[in-house]
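J.: The structure's right below; bear with me while I get my questions together.
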Amino acid sequence: MSIEESAETPPVTRQHRPRWLETLTLLARNPLAIAAVVVLAGLVFAALLAESIVPRDDIFTPDIANRLQAPSGEHWFGTDELGRDVFARVLAGAEVSLRVGAVAVGISLTAGVVVGLLAGYFGRWVDDTLMRVMDVLFAFPALLMAIAVLAILGAGSTNAMIAIGIVYTPIFARITRASVLSVREEVYVRAARSAGAGNVRIIVRHVLPNVTAPIIVQTSISLAFAILSEAALSFVGLGTQPPDPSWGRMLSEGRGFIEQAWWMAVFPGAAIFVTVLAFNVLGDALRDVLDPRQRSAMKGVGA
Amino acid sequence: MARTGRQRGGRGLAAVLAVAVLAGACSGGEDVDVDGEGGGDGGEGGSAGGTLIAAISAEPDQFDPHKTQAYASFQVLENVYDTLVVPDAEGEFQPSLATEWTTSDDGLTWTFTLREGVTFHDGSEFDSADVVYSYNRIIDEQLANAFRFASVADVQAPDPQTVVITLSEPTPALLSNIGGFKGMSIIPEGAADEYDLATEAVGTGPFTFESSAAGGVTLAAYDDYWGDAPSIDGVEFQYISEPTAALTALRSGDVHWTDNVPPQDVESLADDDQVELGTTPSVDYWYMAMNQAKPPFDNRDFRRGVAFGIDRAAVTEAAKFGAATVNQTAIPEQSFWYHEYAPFEHDPAQATDLIESAGAATPVQMGLMVTDEYPETIQAAQVIQANLAEVGVEVNIEQEDFGTWLDRQSQGDYDAFMLGWLGNLDPFGFYHAQHVCEGTSNFHSYCNPEVDDLLGQAATETDRDARKALYDQAAELIADDVSYLYLYNPDVVQAWAPGLEGYEVRADKAINFESVRLPE
C-alpha cells in the first residue's frame with residue numbers, strides 16, 4: 001500500500017511548489033513589502049533586545065539635571081522632562097507597542113475566527129445569535145468602545161490589550177464567516193461530510209485552511225490598528241502607566257513641551273508612523289499575493 | 001470639632017481648603033510681583049470699558065458658594081460674592097461687608113457693624129438678617145464649611161446693622177473662618193429657596209452673574225456696587241484645560257488673563273514681551289501620604305525610611321521646574337506661622353536601614369495613587385519611584401481620574417497618594433482637619449494623641465506667640481511621624497496681556513478683577 005501510494009503522490013507535490021513558498025516568492029518581488037518586513041524585523045529586534053541595547057537606567061531613572069537636552073551624540077533623540085533618554089525610551093516603547101499589538105490581535109483573532117467559523121458553518125440560529133452580538137460590538141466606534149471597556153476594567157496595559165482585543169473581534173468574525181459561507185458549499189466539504197467526517201474535523205481540516213488568506217491580511221492590518229489604539233489609549237492616560245515607555249504616552253507628555261523640546265513628541269510620533277505604515281504596507285502586499293485573481297496575474301507577469 | 005461637613009468625597013474637596021489668618025496675624029506675605037502699574041487704585045472713571053476674558057483650567061462644579069469646594073468655582077465667585085471681612089494681599093483682614101468689629105474681653109463675643117447702603121444683585125437691601133441666614137444655612141445643613149463654625153454657639157442680629165457672634169471657646173481664627181475665602185459668602189435671606197444657587201448667583205460683589213454655558217461663564221459689572229464700580233463692562237471666564245492652549249490663546253490675544261501656565265514655560269515667559277508674568281510664593285503645599293491603616297505603612301520607622309529615601313529637591317524640580325520651594329512642613333517660609341524644621345535629608349543608606357528594621361520583606365510593594373487632573377503628581381511620582389527603588393520599596397504608579405481618585409481616598413483603598421492642599425492661611429487650616437485622629441480630612445488614618453492635644457490647645461489659644469509655639473511643636477511631631485510627607489510649596493503663576501492694569505497676584509490665589517483696566 002505504501003509503495004503504491006508513494007508512486008502516485010510525489011508527482012503531485014513536485015508539480016506545485018508549496019503554496020507558502022510561492023506566496024513568499026511573490027511577496028519578495030514587491031520592494032515595498034521587503035522594506036516593510038525589514039522595518040518590522042528591526043522593531044521586533046528592538047523590542048526583544050531594548051533592555052540589553054540601552055541601559056535600564058536610561059529608560060527609567062530620572063536625571064533632573066539633564067532634563068530637556070536637545071539631541072546630541074550622547075542622547076541621539078535628546079532627553080525628556082525627567083532627563084531620561086528619548087532614544088532609549090522609543091526603543092523600549094517598541095516592546096510595549098508590539099506586545100500590546102500582538103496580544104490584542106491574538107485575542108481578537110482567536111475569538112473572531114472561532115465565532116466566524118461557528119456562525120458560518122452552522123448557520124441558522126447559531127449564526128444569528130453570534131453575529132448579532134458581533135454587530136452590537138461593531139456598532140460602537142472602536143476607540144470609544146475601548147475607553148468604555150477600560151472604564152470598567154481600570155487603566156493599564158494588560159487591560160488595554162483586552163479592550164483592544166474585544167474591539168477588533170467583530171472584524172475577524174465577519175471576515176471569517178463570509179469566507180466560510182462559500183467554502184462550506186464546496187464539493188470537497190460535501191465529500192468529507194458524505195465520507196462520514198464529523199463537524200469538528202470538517203471545520204478544522206477542510207474549512208479553516210481554506211479561509212486563512214483574508215484572515216492573514218486582516219491580521220497585518222489589525223496589528224497596525226491595535227498599535228495605533230494602544231497609542232491613543234496611552235495618550236489619554238488609560239493605556240500603559242508611567243513610568244513604562246509607551247509611544248502614545250510619550251507623545252502626550254511631549255505635547256506640553258513642544259516649544260522647548262520638539263524631540264520629545266517628534267520621535268515617538270515618527271515611531272508610531274513608521275510602524276503603522278509598515279504593517280499597512282505589508283497587509284496590502286499580502287492581500288495582493290493572496291488574492292487568487294491578483295495572484296495569477298502576478299504569476300503571469302513573473303513567468 | 002463636633003460639627004463637620006458631610007460633603008466629604010465631593011469633587012475638589014482636596015483641591016480647596018481655604019482658611020485665612022486672623023486679623024493682623026500675618027506679617028509675612030512676600031511682596032506681590034506685578035510688572036508695570038501694580039496696586040489696586042480702582043478705576044473710578046468706568047470709561048475704559050470692555051470685557052475681560054480670563055482662561056481658567058477647570059469648569060466649576062457648581063456656583064453655590066456654601067457647597068462647592070472646587071477652586072474653579074471660587075475663581076468665578078470671588079468676583080460675585082462678598083464676605084464680612086476680606087484678607088488683603090498680605091493676608092491681613094480688612095473690612096468688607098462689615099466696617100468694624102469688636103471682641104469682648106473674654107474673647108467669646110464678637111460684634112460686627114455692617115456696611116450701609118449695600119444691595120444684592122436682585123435689588124434687595126443687605127442687612128444683618130442676611131448674615132444670620134447665611135451662617136445658619138452652613139451650620140444647620142452641615143455644609144462643607146460647617147467645621148469652621150465648630151466653636152460658634154450662636155449668631156444674632158440685634159439690629160439691622162449689627163451681628164453678634166457668640167463663641168463656646170475663644171477662636172483666634174474666627175476672622176479667617178468667616179472671611180478667608182468666598183465659601184463663607186453672604187447670600188440674601190431665603191435665597192436657597194428662591195434661587196437655584198447651584199446655577200445662579202446673587203451676591204453683593206462688583207460683578208453680577210449673567211450666564212453659564214458649557215464653554216464658560218459671563219459676569220457683568222454691577223453698577224450699584226458698594227465700592228468703586230469696576231471700570232470694565234464685564235468678565236468672561238473660558239475653560240481651557242490644556243496649559244499650552246491657554247498660553248497660545250493669551251499670546252494671540254484671544255484671552256487677557258490666565259492662571260493655566262505650564263510650569264516649564266515660566267522661565268522663558270519672564271523675558272517674553274508678549275506676556276506679563278506674575279509670580280508669588282503661594283500658601284499651597286503638596287505632599288505624599290501613606291495609608292497608616294495598612295502594614296507596613298502603619299510603621300513609623302518604615303515611613304521615616306521613605307522620608308529619608310526621597311530626594312525632595314529632585315521631586316520639586318521635576319514637578320515645578322523651579323517654580324516651587326522645598327519644604328518639610330506645610331506652612332511656607334513667607335508666613336508668620338512658618339517653622340524652620342527639616343529633619344530629613346536624602347540619605348538612601350539610612351532609609352534602607354529604617355525600612356529593613358521595620359521588618360517588612362523587601363522589596364516592599366507600594367501603590368502610589370496620582371491623577372492626571374494634576375499632572376505634576378505624575379511627574380513627581382516617577383522621581384519618587386526611582387528614589388525608593390534604591391531603598392527597597394517598589395512603587396507602582398496608579399494613575400486615576402480625579403473622581404475615582406477621590407473615591408479611593410475616602411474609602412482608604414490605597415497604599416499612598418500624592419496631592420496638595422490649596423489656599424490655607426491660618427495654621428488651623430493647614431493642620432487640624434488632616435492630622436487629628438478623627439479629622440474630617442484625615443484620610444490616611446494618622447493618630448497621635450499628643451498631636452491632637454497640641455492642635456486642640458492651639459485652636460483656642462488667643463496669644464499669637466503662644467499659639468505659634470503650640471503649632472511649631474505639633475508641626476515637628478507631624479513631620480517626625482511622617483503623617484504627611486511634605487514636599488514643596490509651589491509658586492502662584494499667572495499671566496496676562498501687556499497693558500492690563502490693576503491686577504495683583506495673591507498668595508491665596510484669590511482672583512479679583514474688580515479694579516482691572518484693559519489694555520488700550
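We did not get these values from a lab; they are worked out from the coordinates using the rules stated. Since this is a predicted model, take the numbers as computed values, not measurements. Quick reminder, even Gly has a Cβ in these numbers, built from the backbone with ideal geometry, and neighbours come from all protein chains shown.
J.: Which FRET efficiency value, to the nearest 0.05, is calculated for residue B:199 and residue A:110 with the Förster distance at 51 angstrom and r the Cβ-Cβ distance?
T.: Here the calculated transfer efficiency is 0.50.
J.: Sorted from fewest to most neighbouring beta carbons within 10 Å, what does the list B:182, B:67, B:468 look like?
T.: B:468, B:67, B:182
J.: To continue, here is another question. What does DSSP give for the protein assembly as shown in terms of the percent of beta bridges that are antiparallel, rounded to the nearest 5? The partial results should precede the final answer.
T.: On the way: 53 of 72 bridges.
Of all bridge pairs located within the protein assembly as shown, approximately 75 percent are antiparallel.
J.: Please give the charge dipole size of segment B:285-491, origin at the Cα centre, charges +1 on K and R Cβ atoms and -1 on D and E Cβ atoms. Round to the nearest 20 debye.
T.: It comes to approximately 60 debye.
J.: What nm value, rounded to one decimal, do you get for the distance between residue B:272 and residue A:136 when each label is placed 7 Å out toward the C-beta?
T.: Calculated label separation equals 5.0 nm.
J.: Which percent, nearest 5, of DSSP beta bridges in segment B:285-491 are antiparallel?
T.: Values: 13 of 23 bridges.
About 55 percent, rounded to the nearest 5.
J.: Let me know the number of lysine pairs in chain B closer than 21 Å at the Cα, not counting same-chain pairs under 8 apart.
T.: Values: B:67/B:182; B:67/B:509; B:182/B:509; B:320/B:509.
Lysine pairs meeting both conditions in chain B amount to 4.
J.: For B:384, A:216, B:138, what's the fewest-to-most ordering of other Cβ within 10 Å of each Cβ?
T.: Lowest count first: A:216, B:138, B:384.
J.: Using a 10 angstrom Cβ neighbour count of at most 16 plus a DSSP loop assignment to flag exposed chymotrypsin sites (Phe, Trp or Tyr not before Pro), which longest range of chain A is free of such sites?
T.: Formally, the longest exposed-site-free interval is A:77-261.
J.: Would you grab the residues whose amide H sits under 5 Å from the one on residue B:282? Only those 5+ places off in sequence or on another chain, please, with H modelled 1.01 Å from N.
T.: Result for residue B:282 returns B:491, B:492.
J.: Let me ask another. With n ≥ 4 as the cut-off for DSSP H runs, can you work out [θ] at 222 nm for the protein assembly as shown, using -39500 (n - 2.57) per run divided by the number of residues, rounded to the nearest 500? Don't jump to the answer; show the numbers that get you there.
T.: Numbers: 28 runs with 348 residues, N = 823.
Taken over the protein assembly as shown, the calculation gives -13000 deg cm²/dmol.
J.: Within a 10 angstrom radius of the beta carbon, how do A:145, B:290 rank from fewest other beta carbons to most?
T.: By the 10 Å Cβ count, ascending: A:145, B:290.
J.: So what's the angle, to the nearest 10 degrees on a 0 to 90 scale, between helix B:375-389 and the longest Cα principal axis of chain B?
T.: The angle comes out near 20 degrees.
J.: For peptide A:58-64, how many partner chain Cβ atoms fall within 10 Å of a residue's Cβ, on average?
T.: For peptide A:58-64, the averaged partner shielding equals 5.
J.: Tilt of helix B:464-480 relative to the longest C-alpha principal axis of chain B, in degrees (0 to 90, nearest 10)?
T.: 40
J.: For segment B:401-520, give the magnitude of the charge dipole about the Cα centre (Cβ charges: +1 Lys/Arg, -1 Asp/Glu; no others), in debye to the nearest 20.
T.: Numbers: 7 positive and 22 negative charges, 71 e Å.
So the dipole magnitude of segment B:401-520 works out to roughly 340 debye.
J.: Could you size up the charge dipole of chain B around its Cα centre, putting +1 on the beta carbon of Lys and Arg and -1 on that of Asp and Glu, and report it in debye to the nearest 20?
T.: Using Cβ point charges on Lys, Arg, Asp and Glu, chain B gives about 1380 debye.
J.: Report the gain in length on full extension from residue A:48 to residue A:143: 0.36 nm times residue separation, minus Cα-Cα distance, nm rounded to one decimal.
T.: Between residue A:48 and residue A:143, full extension yields 31.4 nm more.
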